[in-house]
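Asker: Questions regarding the structure given below will be posed in turn.
Just so it is clear, none of the values below were taken in a lab; they were calculated from the coordinates. Note that the coordinates shown come from a computational prediction; the quantities given were computed from them, not determined experimentally. Every residue, glycine among them, receives a Cβ derived from its backbone with ideal geometry; neighbour counts consider all protein chains shown.
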Amino acid sequence: MEEVFGPDGLIAKAHPEYEFRPGQIEMAQAVMRAFEEKRHLIVEAGTGTGKTLAYLVPAVAAALGGNGRVIVSTGTKNLQEQLMEKDIPFLQSVLPKPFAATYMKGRSNYVCLNRLARAQSAPVLEGLEEVDYFEEVTHWSRETDIGDRAELANLPESLSFWRHIDARSESCLGQKCPDYDPCFITRMRNRAQEADIVVVNHHLFFADLSLRNGNYGSVLPDYTAVILDEAHLIEDVASEYFGSQVSNYQIEDLVRDLSNIPIDDVQIDQELTRSVARMARFADDFWMGFRDGRGDEGRYPIIPGTFARRNSAGEFEATHLGELYSVLDNAIARVETTLDTVQEKPPEMENLIRRLRQIRFDLEFIVTAPDKKFVYWLERRGRGVFLRASPIDVAGLLQDKLFDEVPTVVLTSATLSSGGNFAFIRDRLGLDAAEDLIAESTFDYKRQAILYLPPSMPDPRSNEWRDAAVDEVIKILNATEGRAFVLSTSLAGMQSLYENVWSEIDYPCFVQGSASKGQLLKRFRETPNAVLFATSSFWQGVDVRGEQLSCVIIDKLPFAVPTDPLVAARQRYIEDCGGSSFYQYSVPQAIIALKQGLGRLIRSTTDRGVLAVLDPRLRTKGYGRTFLQSLPACRVTSQIADVASILSSEVNYARTI
């Protein structure tokens, strides 16, 4: 590691702007030991540590040293692309031994040649404007080597027909497909089999982990080690893939595919047409039952008694929704029975039967709510309704499927600790037996940043708080001359601040939702003195360097929404086990989220910036001290003059509160 990262090492010689960072080499050595000793490691590496190269170099050394393939999993596609387009090519040009690396994305990112061919004669387009888009996709599919829809940069992100032609696993015919050899998934897997380093994202990694030894088989090649970057996201992603889900989209896709299956037997074909139409009708009735009453978008618990209640005799009796489920289940079973009567089934039909059975299984698991270790909930998003069953605690699942099976797992992020330790992340992920390290950043936060806490703010739950917050935001933005993110913990809070602030300042304002995230960031970077009002989606994975982003204002401490079904279930579980959900879950989770917000601010050794938190509980509550101790050691002030002075380099570094 010294030969690579040292002041006169390979990287320093190849990169004229390289700075020797003790935290980087400390992390690289710890990761190398984890590979050599086949154990697990948790590393918090703050912004400026250089953690990407600090784990990539040991990973390459381990793979080339005969330890086997290494998977690198990231939280976002942006980081995945940065690794493949910047960091890995740089190392391939610097390190003395050649190594092979490739990336894999989720199957829905790739076009399926078989489904695309069948779509040529099926009604998949929702408007005439999509005809040209479809022709462009068809032409591209003949030219591309990768088949990744990211190559279609000039087409809209939301192509309505893409879900009818993508390579999702439930529609895959596997080796029975006539397009198996030229298939882009086959090619992706072949590249991965030849690679020393395979870069994926968390969604693909945990989707694969949940499928291994299952009906659909694994996607990723075998590996002996995995590096999970942005590991603070793991619990939520794992919960999604270790549970069950059924949506109206799944059944709509199934109905469409069933309607296009060719059957020679006229009698069976007629029966299938009738039974599929019946299934579609009952499915529509079932999903409409979830739009009655609370039809707003969001996540809601499926409360006991939704599908069956005890009657006066003490016996369970189906509710209206329960009856709708029962007739839908019977309709799906009838379609399955009809397909079973076909003597020589083509691969497409076997696939459809498997999908029918999986939907019936998942629906039954959700409706009957048999397992107290799961939380049952629904989500409304657009015209979609998603029924879900998610494990309340993923620690045991991760231990069984990941930490006990893979010799080396490295978890890293800029934000994993709270209160100076890793107790929270260990408990949530079931990682008792792991070494840990906090690799210090080279950034001088005492000189580069200040934390501004307004001298007087009402309780954030009071009616007076909003007006006080608006006044403070205006004061801060005038002091920083814009150049800020104003981040809220809710959409309503964001909208309220935006509507009450934008007309009171002389700086260009953007608000989340007015354009895509990428477009908003582009406009922000290109517009002098801009202000962006946004929510949690801009708290991580966003990189704006230099003076353009000099201030991050956070309205309230980012506690998880207590009414969210998953959050509420996790909190209940901790309380039922005799713990304190507030101090064991809510506080450390919010600390990690707050540190993510600060991470948007200082991105280089020359950056200066202001983190402003409008929540007085940092001062007034006992747990506020834990928050402050968890942040980098920057200066804390209540003087608005200091906000302007640090950005003009006229700050009095001795001033504290």
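Asker: Taking the Cβ of each residue in LEU416, LEU64, LEU437 as the centre, tally the other Cβ atoms inside 10 Å and list the residues starting with the fewest. Spell out each step's value before the answer.
Answerer: On the way: LEU416 23, LEU64 14, LEU437 19.
Final ranking by Cβ density, sparse to dense: LEU64, LEU437, LEU416.
Asker: How high is the relative contact order of the range 351-499, in percent, counting Cα pairs under 8 Å that sit 6 or more residues apart?
Answerer: Taking the mean separation of contacting Cα pairs over the length of the range 351-499, I get 11 percent.
Asker: So what's the chain giving for Rg/Rh, alpha carbon basis, Kirkwood Rh from the mean inverse pair distance?
Answerer: Rg divided by Rh gives 0.98.
Asker: Could you put MET457, MET349, MET104 in order, starting from the residue whose Cβ has the fewest other Cβ atoms within 10 Å?
Answerer: Ascending Cβ contact count within 10 Å gives the list MET349, MET457, MET104.
Asker: What are the extents of the Cα atoms of the range 403-552 along their three principal axes, in Å, largest first?
Answerer: Result for the range 403-552: principal-axis Cα extents of 57, 37, 33 Å.
Asker: For LYS621, which aspartates and glutamates qualify as cross-link partners when the Cα separation must be under 13 Å and same-chain residues fewer than eight apart are set aside?
Answerer: In chain and number order, the partners are ASP459.
Asker: How would you classify the range 110-174 from its alpha-carbon gyration tensor, with a ≥ b ≥ c the square roots of the eigenvalues: rounded for a/c under 1.5, else prolate if a/b is greater than b/c, otherwise oblate?
Answerer: Because a/c hits 1.5 or more and a/b fails to exceed b/c, the range 110-174 counts as oblate.
Asker: If one takes the longest principal axis of the Cα atoms in the chain, at what angle in degrees, from 0 to 90 and to the nearest 10, does the Cα axis of helix 202-211 lie?
Answerer: The angle comes out at about 40 degrees.
Asker: Using θ = phi - 60° and the Karplus relation 6.51 cos²θ - 1.76 cosθ + 1.60, list the HN-Hα couplings for the range 557-573 in order, rounded to whole Hz, with x at every Gly or Pro.
Answerer: Each residue of the range 557-573 in turn: 4, x, 5, 4, 5, x, 8, 4, x, 5, 4, 4, 5, 5, 5, 4, 4 Hz.
Asker: Can you list residues whose amide H is under 5 Å from PHE510's amide H, if they're 5+ apart or on another chain and H is modeled 1.01 Å from N?
Answerer: For PHE510, whose amide H was placed from the backbone, the distant partners under 5 Å are VAL531, LEU532, PHE533.
Asker: Another question, if that's okay. What is the distance in Å between the Cα centroid of the range 379-413 and that of the range 278-351?
Answerer: When both Cα centres are located, 26 Å separates them.
Asker: Follow-up. Could you compute the FRET efficiency for ARG354 and GLU136, with r as their C-beta to C-beta distance and R0 at 35 Å, rounded to 0.05?
Answerer: Given R0 = 35 Å and the Cβ-Cβ separation, E is 0.60.
Asker: Report, to one decimal in Å, the Kirkwood hydrodynamic radius for the range 518-634 based on all distinct Cα pairs.
Answerer: Taking every pair of different Cα atoms in the range 518-634, averaging 1/r and inverting gives 15.9 Å.
Asker: Give the angle, between 0 and 90 degrees and rounded to the nearest 10, that separates the Cα long axis of helix 587-599 from the longest principal axis of the Cα atoms of the chain.
Answerer: With both axes taken from Cα atoms, the answer is about 70 degrees.
Asker: Okay, moving on. Given the C-alpha atoms of the range 94-146, compute the convex hull and give its volume per residue in Å³.
Answerer: Enclosed volume per residue, from the Cα hull, is 130 Å³.
Asker: Can you pull the Kirkwood radius for the range 337-455, inverse mean 1/r over Cα pairs, to one decimal in Å?
Answerer: Values: mean 1/r = 0.0502 Å⁻¹.
Final number for the Kirkwood radius of the range 337-455 is 19.9 Å.
Asker: Looking at the range 445-647 from every direction and averaging, what is the projected area of its Cα convex hull in nm²?
Answerer: Details: hull surface 45.2 nm².
Mean projected area of the Cα convex hull: 11.3 nm².
Asker: Please give the per residue volume of the convex hull enclosing the alpha carbon atoms of the range 167-265, rounded to a whole number of Å³. Mind dumping the intermediate values first?
Answerer: Numbers: hull volume 13.8 nm³, N = 99.
In the range 167-265, the Cα hull volume divided by residue count equals 139 Å³.
Asker: Hey, what number do you get for the chain at 222 nm if only DSSP H runs of n ≥ 4 count, each worth -39500 (n - 2.57), divided across all residues, to the nearest 500? Mind showing how you got there, number by number?
Answerer: On the way: 26 runs with 274 residues, N = 657.
Computed mean residue ellipticity for the chain: -12500 deg cm²/dmol.
Asker: While we're on this one: When DSSP beta bridges are limited to those with both residues in the chain, what percentage is antiparallel, rounded to the nearest 5?
Answerer: The antiparallel fraction comes to roughly 30 percent.
Asker: Suppose the Debye formula is applied to equal point scatterers at every Cα of the range 494-565; what is log10 I(q)/I(0) at q = 0.28 Å⁻¹?
Answerer: Values, matching the q order: -1.59.
Asker: In addition: Once the mean 1/r over all distinct Cα pairs of the range 244-391 is inverted, what Kirkwood radius in angstroms do you read off?
Answerer: After inverting the pairwise mean of 1/r, the radius is 16.4 Å.
Asker: Hey, got a sec? Which GluC sites (Glu not before Pro) in the range 342-388 land in a DSSP loop and have at most 12 other Cβ atoms within 10 Å?
Answerer: Listed in order of number, the matching sites are GLU344.
Asker: Report the net charge of residues surrounding GLU504, where surrounding means a beta-carbon distance below 11 angstrom and charges are Lys +1, Arg +1, Asp -1, Glu -1.
Answerer: -2
Asker: Follow-up. Note the full-extension length gain between ARG383 and GLN495 as 0.36 nm times their separation in residues minus their Cα-Cα distance, in nm to one decimal.
Answerer: 38.0 nm
Asker: Separate question: Let me know the charge dipole size of the chain about its Cα centre in debye, to the nearest 20, where only the beta-carbon of Lys, Arg (+1) and Asp, Glu (-1) is charged.
Answerer: Charge dipole, the chain, about its Cα centre: 1160 debye, nearest 20.
Asker: In whole Hz and in residue order, list the ³J(HN,Hα) couplings for the range 510-518 that follow from phi through the Karplus curve 6.51 cos²θ - 1.76 cosθ + 1.60, θ = phi - 60°; x for Gly and Pro.
Answerer: Once rounded to whole Hz, the list reads 10, 9, 4, x, 7, 7, 5, 4, x.
Asker: Could I ask something else about it? Taking Cα atoms, how many degrees apart are the long axis of helix 51-62 and the longest axis of the chain, rounded to 10 and kept between 0 and 90?
Answerer: 60
Asker: Something else: Residue by residue through the range 314-320, what is 3J(HN,Hα) from phi via Karplus (6.51 cos²θ - 1.76 cosθ + 1.60, θ = phi - 60°)? Round to whole Hz and write x for glycine and proline.
Answerer: Result, ordered by residue: x, 9, 6, 10, 5, 7, 4 Hz.
Asker: Going down the list LYS446/LYS475; LYS176/LYS517; LYS97/LYS401, which pairs span over 30 Å between their C-alpha atoms? It would help to have the intermediate numbers written out before the result.
Answerer: On the way: LYS446/LYS475 23 Å; LYS176/LYS517 40 Å; LYS97/LYS401 33 Å.
Pairs exceeding 30 Å: LYS176/LYS517; LYS97/LYS401.
Asker: Kindly rank 175-182, 419-426 from highest to lowest mean number of other beta carbons found within 10 Å of each residue. Let's see the in-between values first.
Answerer: Working: 175-182: 13.2, 419-426: 17.4.
Descending packing order for the listed peptides: 419-426, 175-182.
Asker: Rounded to whole Å, give me the distance from the Cα center of the range 125-167 to that of the range 465-503.
Answerer: 40
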